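Asker: Before anything else, here's the structure in question.
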Amino acid sequence: MPTTELFLYTLQLADSTLLMGQRHSEWTGHGPVLEQDIAITNIALDYLGQSRNLYQYAASLYNNAPETEKAAMDKYIPRLWKSFQRELQEDDLAFLREEHQFLNVLLTELPRGDWAFTVLKEFFYSAFLMNLYQDLLHSTDNQLAAIGEKSVKEVSYHLRWSSEWVIRLGDGTEESNTRLNNALADIWMFTGELFVPAAYEQIVVQQGVIKDPQLYKEPWQEKVRTIFQQALLDVPTPSWMQHGGKEGRHTEHMGYLLAEMQQLQRTYPNATW
Amino acid sequence: MNQTIIKYYYGDYGDKEMPSGAGQHSPVANEWPLWEVFIRSKQGLDHKHVGSLHAADARMAIENARDVYTRRQEGVSIWVVESKYIHASNPDDAESFYEPANDKVYRHPTFYDLPDELTHM
């Protein structure tokens, strides 16, 4: 079975979870209260752990692929790595790839915003991941199944935590409700991309490794309706959705994010500590 | 030209946390209530007091306790109770409370004759 598409799909998940972790970690030391500072940092670490597993898997897919397949994956392999003369590793994929080589969904690269923005983004993404991981743990691909099984427990807590914050802020004070509604207006157009498979994703679906992400739209909407009802929020009417992240076309925030995240490995390649 | 430099402290609250009380600092109105946290470890039979934290309600207190006090697998069960419901003895009462027990050695089970066969006591 060709692995290029599976490699790209794994990267897509790895990139998305890495950036969720990166953005959340910007709260470390700046949380609204000590307890929530620790909570968001725990979540950031969970995401980082998930992305590590996925990058390790992606690297092994590349390293074990036949030369013809490697040529197809080449577009997504960091140029700098080729001078290292060693096997591809997780850090190369995370810290040396360029903007157009990243396949994360756009939602995950948005700046952290205020607390309302962060918890709403976390709610939307973990509600999606919950469905995805629950299916992934039954995947025919053993490695993805193992990652799904480990991650579903983490995400189920993230979903619970973020749902409660959405309810608290929505049904809170006038200001908290306003902030949450502002966040909703900014984030909503980035939620559609979650459920639209990229070309390589469709092939992985056809191979029977994953389910079609369109199937997750209905349960996701149901979850959003339930929580929004308690949070006294209106679910936005269907509107135009922004796409592109899964194909490597990113928002204006992406370059700054990568510059900060990758600065160390780009300045001191192969640095360890 | 006047430049105002604001130094931000933990939490970036800005006006609320400005030094020297220049901000509108009203801790009682702004802070969540304090909760005491009790954790039962895997091997333990009892919940032990591990510390306290702030939370808006019981549900948030349990989740905060999970995030703050069980990061290294310290426990399998959490109790929280709002600190205001805990009544404590007064340190000033220490003399009358505890000292009378000092000379009552017979309250310890040390006056029994043990059979020689009993070795693990």
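The values are calculated or read from the model by the stated rules, or taken from the named source; none is laboratory data. Since this is a predicted model, take the numbers as computed values, not measurements. Reconstructed Cβ throughout: ideal geometry from the backbone, glycine too, with neighbour counts over all protein chains shown. For accessibility, only protein heavy atoms count, side chains too; no ligands or nucleic acids. Shrake-Rupley method; radii C 1.70, N 1.55, O 1.52, S 1.80 Å.
Asker: Taking the conditions exactly as written (among the β-branched types (V, I, T), open to solvent by 10 Å² or more (accessible area, probe 1.4 Å) and either within 22 Å of A:A59 (Cα to Cα) or within 14 Å of another protein chain (Cβ to nearest Cβ) (or both)), does A:I167 satisfy them or not?
Answerer: So A:I167 passes the test.
Asker: Check every one of the helices (runs of 4 or more DSSP H) wholly within the range A:33-113 and list those with 1 or more residues that are hydroxyl-bearing (S, T, Y). Break it down stepwise before answering.
Answerer: Details: elements: A:34-63, A:67-73, A:90-95.
Output list reads A:34-63, A:67-73.
Asker: Could you tell me whether any residue of the range A:117-124 is under 22 Å from A:E26 (Cα atoms), of a type in the set (A, V, I, L, M) and touching a helix residue (DSSP H, G or I) at 6+ places or on another chain (Cβ under 8 Å)?
Answerer: yes
The rows are residues; the columns are (1) under 16 Å from the mean Cα position of the chain (by Cα); (2) open to solvent by less than 20 Å² (accessible area, probe 1.4 Å); (3) of a type outside the set (K, R).
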| residue | (1), (2), (3) |
| --- | --- |
| A:N53 | yes, no, yes |
| A:A72 | no, no, yes |
| A:F84 | no, no, yes |
| A:A94 | yes, yes, yes |
| A:L106 | yes, yes, yes |
| A:L110 | yes, yes, yes |
| A:L120 | yes, yes, yes |
| A:Y125 | yes, yes, yes |
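Asker: Would you check if A:Q263 is open to solvent by 10 Å² or more (accessible area, probe 1.4 Å) and farther than 20 Å from A:F102 by Cα?
Answerer: Against the criterion (open to solvent by 10 Å² or more (accessible area, probe 1.4 Å) and farther than 20 Å from A:F102 by Cα), A:Q263 does not qualify.
Asker: Same structure, new question: Do you know which residues across the range B:37-57 are touching a residue at least 24 places away in the same chain (Cβ under 8 Å) and within 14 Å of another protein chain (Cβ to nearest Cβ)?
Answerer: B:V37, B:V50, B:S52, B:A55, B:A56
Asker: Anything in the range B:58-72 that is free of Cβ contacts under 8 Å to residues at least 12 places away in the same chain and open to solvent by 50 Å² or more (accessible area, probe 1.4 Å)? List them, or say none.
Answerer: B:R59, B:R71, B:R72
Asker: Next question, about the same structure. Just one of A:S16, A:S25 is of a type outside the set (K, R), open to solvent by less than 30 Å² (accessible area, probe 1.4 Å) and closer than 22 Å to A:Q263 by Cα; which is it? Can you show your working first?
Answerer: Numbers: A:S25 fails: open to solvent by less than 30 Å² (accessible area, probe 1.4 Å).
Being of a type outside the set (K, R), open to solvent by less than 30 Å² (accessible area, probe 1.4 Å) and closer than 22 Å to A:Q263 by Cα holds for just one of A:S16, A:S25, which is A:S16.
Asker: With (1) without any contact (Cβ under 8 Å) to a residue 60 or more places away in the chain; (2) assigned to a loop (DSSP other than H, G, I, E, B); (3) hydrophobic (A, V, I, L, M, F, W, C); (4) within 14 Å of chain B (Cβ to nearest Cβ) as the list, and A:W27 as the residue in question, which single condition is left unmet?
Answerer: Against the list (1) without any contact (Cβ under 8 Å) to a residue 60 or more places away in the chain; (2) assigned to a loop (DSSP other than H, G, I, E, B); (3) hydrophobic (A, V, I, L, M, F, W, C); (4) within 14 Å of chain B (Cβ to nearest Cβ), A:W27 comes up short only on (1).
Asker: For the range A:170-206, which positions are more than 14 Å from chain B (Cβ to nearest Cβ), hydroxyl-bearing (S, T, Y) and farther than 24 Å from A:L103 by Cβ?
Answerer: Correct list: A:T178 only.
Asker: Out of the residues in the range A:55-64 meeting the condition of being within 13 Å of A:T3 (Cβ to Cβ) and open to solvent by 10 Å² or more (accessible area, probe 1.4 Å), tell me which one is farthest from the chain's Cα centre (by Cα).
Answerer: A:N64
Asker: Separate question: Which of the numbered conditions does A:V33 fail, given that it passes all the others? Conditions: (1) surrounded by fewer than 16 Cβ atoms within 10 Å (Cβ to Cβ); (2) within 14 Å of chain B (Cβ to nearest Cβ).
Answerer: (1)
Asker: Please tell me if A:Q101 is of a type outside the set (A, V, I, L, M, F, W, C), out of contact with any Lys or Arg (no Cβ under 6 Å at 6 or more places or on another chain) and open to solvent by less than 20 Å² (accessible area, probe 1.4 Å).
Answerer: yes
Asker: Take the range A:212-225 and flag every residue that is crowded, with 18+ Cβ neighbours inside 10 Å and of a type in the set (K, R).
Answerer: A:K223
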